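What follows is a single structure, written as structure tokens, with notes after it.
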Amino acid sequence: MLANAKVHLNDTIGRNQYVKAEINIMRKEILFAQDSIVKMQKQIAKIKKEATVTNKDYIQGSKHADETNNQILALKAKHEEEKEKFELEIKKL
């Protein structure tokens, strides 16, 4: 009976050591995962900032392009008006 108890105790100690080793492995995996998550969060924050800057630049570029197109249209309209005035002056002469 004592021999059986010793065998059972040794088995339990062996399983305990195995489980402790598995727990240590899982702890290392958790630390690695947490580290990876922190790195990814930093990358996401950086990319988010870059996207915000890019969007602002795009919006400014679009506004500038619209303003330029409006100026071009205004100049064309003025040119046409002056052309008509010139043609009328030529006809008068």
Go through the stretch 1-22 and give me each residue that's exposed (fewer than 10 other Cβ atoms within 10 Å of the Cβ) and either in a helix (DSSP H, G or I) or in contact with a Cys (Cβ under 8 Å, 6 or more places away or on another chain) (or both).
Leu2, Ala3, Asn4, Ala5
Being surrounded by 10 or more Cβ atoms within 10 Å (Cβ to Cβ) and not aromatic (Phe, Trp, Tyr): is that true of Lys42 here?
yes
Over the stretch 23-73, the set of residues over 26 Å from the mean Cα position of the chain (by Cα) and not hydrophobic (A, V, I, L, M, F, W, C) is Asn24, Arg27, Lys28, Glu29, Asp66, Glu67, Thr68, Asn69, Asn70, Gln71
Which is assigned to a helix (DSSP H, G or I), loosely packed, with under 10 Cβ neighbours inside 10 Å, over 22 Å from the mean Cα position of the chain (by Cα) and not hydrophobic (A, V, I, L, M, F, W, C), of Lys83, Lys91, Lys76?
Lys91
Determine the pairs where a residue that is among the hydroxyl-bearing types (Ser, Thr, Tyr), located within the stretch 15-36, has a partner that is part of a helix (DSSP H, G or I) with Cβ atoms under 7 Å apart, the partner being 6 or more residues away or on another chain.
none
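Here, each number is a calculation from the coordinates, and none is a lab measurement. Just so it is clear, the structure is predicted and the values come from calculations on it, not from any experiment. No Cβ is skipped: glycine too gets one built from the backbone with ideal geometry, and neighbour counts run over all protein chains shown.
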